[in-house]
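The values are calculated or read from the model by the stated rules, or taken from the named source; none is laboratory data. Source: prediction; values computed, not measured. Quick reminder, even Gly has a Cβ in these numbers, built from the backbone with ideal geometry, and neighbours come from all protein chains shown. The protein model used for the area step is the full one, side chains on, heavy atoms only, and it has no ligands, DNA or RNA in it. Shrake-Rupley method; radii C 1.70, N 1.55, O 1.52, S 1.80 Å.
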Amino acid sequence: MTRNNFDFSEAGGCGTSSCSCKSQDTGKAEDVTKRDFLKGSAYAAGGISLTSALTLFTFGGSPAQAKEDETAISSKQRWGMLIDADKCGDDCDTCVSACSEENGWKNTGNPLTDTIWIRKIKVKNPETEHETTMPLMCLHCEKPPCVDVCPTGASFRRDDGIVLVDRHICIGCRYCMMACPYKARSFAHEAVEDQKEHAPRGIGCVESCTLCVHKIDKGEQPACVSACSKSAGGAMLFGDLNDPESEISQTIKKYATTQMRADLGLNVGVRYQNI
Amino acid sequence: MKRAVLAMGVLGLAIFSAVQMTFVAPVNAGAQQLTEFRIAQAASDNNKSDKDTKASGKTKPDAAKLGTNHGSAVNGGECIRPTKEMRKNHMDMILHKRDETMYKGIRTKDASLKQCISCHAIKGDEGTFIKATDPKHFCRGCHDQVAVRIDCFDCHASRPEVKKDSAHLNPHQKRLSPFALVQDKKATATALNSFLGGQANDKK
């Protein structure tokens, strides 16, 4: 399955995304079949629906353990997320707003060049016409293609599994944007003013979801997860995938979950449920 | 003969590795060592210049003459190191700290740019903290003097965060009326036309 066959159609509430919904080769807009979307996923093959039986206890959550300021991160943790598409509201964009507010990115009404750290996507099964919406951001792969292709070493993966851009050595070549199968990264075309002090960003660099690394280092949850559990459906569960006792580990052990484009073997940190 | 050649080879290798360990290893020393070295050097320089000053009976150079906004932190507290040391080494300190923070997640306040900005914030005439675009900004006091461009504030905030209604940051809630957008476009078009028109006139 080539990458061009895998295109996302945008959710209605997010008309300003930089995502192109057209195939690069044919130039035609293609509906994504649910089969394409799940192809390569061992878990999805059976098409088992556990929809009604599932309950995620996202309230209360499984937040990052607060670490001492002086302590370095380690590979004992691997931060990840589980998103339950059934609990994600069709027109809800609480996670997107929360991310934008937390990290200070905003767009200028220019969909081709605007910054997008997280967006809502909509997938439709043409046979049943069943639509599913869910947020999509950097999935924090274990084997990130963006890190593989980066010519300067600016794209890197922290020991705890968070994939980041070192803006000090990013030259803005955008090779990582080409490499990412999820279109998770965007390029800062415009000069930025009044950045958040915990989220530096500027013109000429590629950027993407940081999993709110500044909050995780303080032992808090990412902004989108808190916002979703506070004022939306509680569809997002954050936690440590390496800790067998964590709620996220328990949940993915018990229920069938999906890795987007599992056929690529990237072992993503953000998994989906009920898509 | 073969043994002699072999012995020479082994000896050569040994000498080579010894030389490498002596000369190359210090070059590969980490940023921290470099920083510590510079700090020590600065401290000795400080002592030296103090003695010189005392010996010659001259007064110390007035900090204010070097720039506009030197001195202790605006919040009244003391800086993390003596002023002279900071002047000489702040760039190495924040460089070292930056990598610790980004790669290791160590977010202590010592030598963090965020803390620099927080303490050395300066209020402008309007009572709000000024940005680095303002010549009165703390960093620009020296950087303008020595003509060293500051790259930090292309990405980093140059003033402490002001808590305000950030609802306008949300691109996904349709707050702007289409009319507002049209107005903006008109303004842009007008500005562009006048700019291009001005250029055209200049050419004539």
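What pairs in A:K183/B:K131; A:K67/A:K120; A:K106/B:K131; A:K67/B:K88; A:K76/A:K106; A:K230/B:K97 have C-alpha atoms more than 30 Å from each other? Walk me through the intermediate numbers first.
Details: A:K183/B:K131 34 Å; A:K67/A:K120 32 Å; A:K106/B:K131 20 Å; A:K67/B:K88 33 Å; A:K76/A:K106 34 Å; A:K230/B:K97 35 Å.
From A:K183/B:K131; A:K67/A:K120; A:K106/B:K131; A:K67/B:K88; A:K76/A:K106; A:K230/B:K97, over 30 Å: A:K183/B:K131; A:K67/A:K120; A:K67/B:K88; A:K76/A:K106; A:K230/B:K97.
Once each part is reduced to its C-alpha centroid, what is the distance from the range A:130-191 to the range B:99-132 in angstrom?
Cα centroid of the range A:130-191 versus Cα centroid of the range B:99-132: 26 Å apart.
Rounded to the nearest whole Å², what accessible area per residue is found for the range A:164-228 with the 1.4 Å probe? Intermediate values should be presented prior to the final figure.
Details: 2350 Å² over 65 residues.
So the range A:164-228 comes to 36 Å² accessible per residue, rounded to a whole number.
Keeping every protein chain in place, order B:D151, A:D263 by accessible area at 1.4 Å, biggest value first, i.e. largest first. The partial results should precede the final answer.
Values: B:D151 90, A:D263 70 Å².
Correct descending sequence by accessible area is B:D151, A:D263.
Please identify the GluC sites (Glu not before Pro) of the range A:76-153 that satisfy two criteria: DSSP loop assignment and at most 10 other Cβ atoms within 10 Å. Which are they?
Loop-located and lightly packed - A:E127, A:E129.
Peptide A:192-198: average number of partner chain Cβ atoms within 10 Å per residue? Kindly include the intermediate steps, with their values, before the conclusion.
On the way: counts 3, 5, 9, 7, 5, 10, 4.
Mean partner shielding for this stretch: 6.
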